[in-house]
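Since the structure comes first, as structure tokens, the remarks are kept for the end.
The values are calculated or read from the model by the stated rules, or taken from the named source; none is laboratory data. As the structure is a prediction and not an experimental result, all values here were calculated from the model. Every residue, glycine as well, gets a Cβ built from its backbone with ideal geometry; the counts of neighbours run over all protein chains shown. These area figures cover heavy atoms from the full protein model, side chains too; ligands, DNA and RNA do not enter into them. Shrake-Rupley method; radii C 1.70, N 1.55, O 1.52, S 1.80 Å.
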Amino acid sequence: MGVRVRVEGVVQGVGFRPFVHGLATRLGLAGRVGNDARGVFVELDGERDRIAEFLTRLERDAPPLAAIERVTVTRGGRASDGRFQIVPSERSGTPRTLVSPDIATCADCLAELADPADRRYRYPFVNCVNCGPRLTITRALPYDRPLTTMAGFAMCDACLAEYHDPADRRFHAQPVCCPACGPTLRLVDARDTPQAGGDPLAGAAGVLRGGGVLAVKGLGGYHLAVVASDERAAAELRRRKRRQDKPFAVMVADLAQARRLCEVDAVAEALLTGRERPVVLLPRRADVSGAVAVAVAPGRRLLGLMLPYTPLHHLLLAETGAPIVLTSANLAGEPIEYDDRAALDRLGGMADAFLTHDRPIHLRADDSVARVVRGRGTLLRRSRGHAPAPFTLAWEAPRPVLGCGAALKNTFCLARGRHAFVSPHLGDLEGYETLRAYAAGIEHFSALLGVRPEVVAHDLHPDYPSTRYALGLPDAEPVPVQHHHAHIASCLADNGEHGRVIGVAFDGLGYGADGTLWGGEFLLADLVSFERAGHLAPVPMPGGEVAIRQPWRMAAAYLAGLDGPEDDAAGATAVARRAGARWESVTALARRGGAAAPPTSSAGRLFDAVAALAGVRDTITYEGQAAIELEQLADPGERGAYPAGIARHDGVLVVAGADLVRAALEDLTRGAGPPVVSARFHNGVRELIVRCCTALREKTGLTTVALSGGVFQNVLLAERTVERLECAGFRVLTHAGVPAGDGGISLGQAAVAAARDLFR
């Protein structure tokens, strides 16, 4: 009999055609296999029972990197000459297949890299069908070498032999190369002048060991590197990069080095060694003084570690002989540099030398960042290694959708059918370069995935660059999605859910449906609609956005709203003294309110106020810094909790966040230390969440809670809140596949727009 088989999913760039070829050959089947715009097509001639076994093993034994979503079998087949062969790809039609993320170097390639007898010994670009660059080199689909940035490298005879050998693991591996025919490593200065002779790797390691800053071209862009233990070099990197406090990531050679620096449990080990290779935030060990410079992660209990994910990184770590800082090569607020010429021009003042090569990067992709929460990995930034693996929507989108994302930590999301593709992390859209990258990324992904948006979902905030982009698209229907509804929808989509839930959306700021600034919200929500059922009591933000960068202003605002002698309390006196002459004017501004002090229900601003009162942080240099430092300060053994009053106004729960501020002030006055105050405050926030959810359950009968928003990237709060909610009988949804913060907003927007389009 003859059959035609259509395989859809992540089946290109993962060794699927060689797998099919081997399976069919072993079963004595004739026919052909190839790529096309929809995935993989197979035509088979052979005995009925052999074809049945083929179809069973096709899904059961698929390559480890493959993700089969659908197999369709029809009768037909074709006349064959008794052979089974891989045929050239068919390039017609709209792309419908899925693109593989970039994959860390596999064990087989690492063995070749370390084998002096192998022709790829110490070759920085070794790869095979099971590992290597994918998304970042793909120009178009189907995934074939001429449509990647490897097109300019003609395979030598030895590589061609491997490419055409069914028994070789490089059989039809598109990026296959070797020292004779592949990309070449160079060490140059900012004028693109090569080093005088010698091995580029040895020269690069010499730059690092000598205290220099090295720019390194990775999979999705350039990084800046220094030796992690070099205090002077780390401080100089901060100065050049204009990054005052935000921690740097550290790359270690192996798990043994990771364990010498941090506490690594089984979940963290799986994250560190997985094929995605994110940066993993881990608790520092107490006995590593001097192994990592203070300037790498000043004042932080956690350290971001990652293992090498390219052959170049493995070789550089071995040559240097020490862990290195590896941070995105960009100025603050700009996207990671990925173009060679632009990198030399823009990074010349930061790097002393450039370890680069001639394989172009087509799409930038920063490193992903993960953390262990309640025994599972949770993404804080979703990018290289994860994007663009799709999420499955609850229902099929009637029309293609673009979710434009937020203004900070931006991603965008394209949805077609039941697939939602979230882009790699882009960053904050305030800068011109990031905006250019944003627009170019949408165009590239739209073409790559065959998605031309007919519906465009955007935030309510009229001044978000992503909103302006959405409203400027001429051929797409705009769908506004409230910021916190998008947060809850992203949590639903992340968990494969769609039903109505109690949504707790706590973050810094989001434009509310009433035109005010929300951020401490209790919603009754599903993918189509939401109802605001509760929120933190609004307080003024003296100076507007200035209050975000200066948390002491939020302390002044909360104190201005309190009745009684709080101005004489220890914490109030201390923060007022540090603010100096500005204190009285800011307090007066908070009492007057108006446009210069807009009201907000933000949970993030409540954290800022307590952080300032506890002496943790009066000003910040990156988003969320005060809350992050307040979290890590907390005494883990403290179980006390500050109480907060909850009232009902027109049926809506209103929580007195000021009660937590008052309690913190009283504790500080009585001599309680900041660690105790921080812990009791966190526990107080946990308790007000549980009480509000319980009240809403009594009103609605809903028993599922979804937690989303950047505040829930606070592991202390998230873990304790989930534990108490579950003890109270709730089913709790949290994030894992997309960040709880604004990096997940685009997925929520796309899910809402698709659901509204379906049910309107």
Calculated FRET value between Thr669 and Glu719, using beta carbons and R₀ = 35 Å, to 0.05:
0.75
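Where the accessible area of the chain is counted over protein heavy atoms with a 1.4 Å probe, how much of it, in %, is carbon and sulfur?
Carbon and sulfur: 51 percent of the exposed surface of the chain.
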Go through region 120-133 residue by residue and turn each phi into a ³J(HN,Hα) via Karplus (6.51, -1.76, 1.60, θ = phi - 60°); whole Hz please, and just put x for glycine and proline.
9, 4, 6, 8, x, 10, 4, 7, 8, 5, 9, 7, x, x
Using 7 Å Cα-to-Cβ label points, what is the Arg301/Lys699 separation (nm, one decimal)?
3.5 nm
Quick one: go through region 393-417 and flag any residue whose amide nitrogen is under 17 Å from the point 7 Å out along the Cα-to-Cβ line of Glu430.
406-411
Tell me, what is the FRET efficiency for Arg468 and Arg418 to the nearest 0.05, using R0 = 35 angstrom and their Cβ-Cβ distance as r?
0.75
From the backbone phi of region 398-411, what are the Karplus-calculated ³J(HN,Hα) couplings (6.51 cos²θ - 1.76 cosθ + 1.60, θ = phi - 60°) in whole Hz, Gly and Pro given as x?
x, 10, x, 10, 10, x, 7, x, 9, 8, 10, 6, 5, 10
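Give me the number: length gained by fully extending Arg91 to Asp358, i.e. 0.36 nm times residue separation minus the C-alpha to C-alpha distance, one decimal in nm.
Gain on extension, Arg91 to Asp358, equals 93.4 nm.
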What does the charge add up to near Ala679, with Lys and Arg as +1, Asp and Glu as -1, over the other residues with Cβ less than 11 Å from its Cβ?
0
Under 16 Å by backbone N from the virtual spin label 7 Å along Cα-to-Cβ at Glu454, the residues of region 736-751 are none
Per residue, what accessible area does the chain have, given a 1.4 Å probe and all protein chains present, in Å²?
36 Å²
Antiparallel as a % of all DSSP beta bridges within the chain, to the nearest 5?
70 percent
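Using Cα-Cα distances under 8 Å and only pairs 6 or more residues apart, what relative contact order does the chain have, in percent?
11 percent
Using alpha-carbon pairs under 8 Å, 6+ residues apart, how would you state the relative contact order of region 478-568 in percent?
Reported relative contact order: 20 percent.
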Taking 30 Å as R0, compute the FRET efficiency from the Cβ-Cβ separation of Ser585 and Ala322 and round it to 0.05.
0.05
If you line up the long axis of helix 603-613 against the longest principal axis of the chain, both from Cα atoms, how many degrees apart are they, to the nearest 10?
60 degrees
Between region 365-422 and region 593-634, the alpha-carbon center distance in angstrom:
28 Å
Determine, for each peptide in 414-425, 44-55, 458-469, 225-236, the mean count of other beta carbons within 10 angstrom over its residues, then list the peptides with the highest first.
414-425, 225-236, 458-469, 44-55
Expressed in angstrom and rounded, the centroid-to-centroid distance over alpha carbons for region 192-209 and region 80-99 is 44 Å
Radius 15 Å from Cβ of Leu527, net charge of other residues (Lys, Arg +1; Asp, Glu -1)
-2
Among 303-309, 210-216, 704-710, what's the highest-first ranking by average C-beta atoms within 10 angstrom per residue?
704-710, 303-309, 210-216
Once both label points are put 7 Å beyond Cα along the C-beta direction, the Asp345-Arg60 separation in nm becomes 5.8 nm
Taking only pairs that are 8 or more places apart or on different chains, how many Lys pairs in the chain have Cα atoms under 24 angstrom apart?
5
Sorted by packing (mean other beta-carbon atoms within 10 Å per residue), highest first, where do 329-341, 480-492 land?
480-492, 329-341
Can you tell me how much longer the chain between Glu231 and Val73 gets when fully stretched, taken as 0.36 nm per residue apart minus their C-alpha distance, in nm with one decimal?
50.7 nm
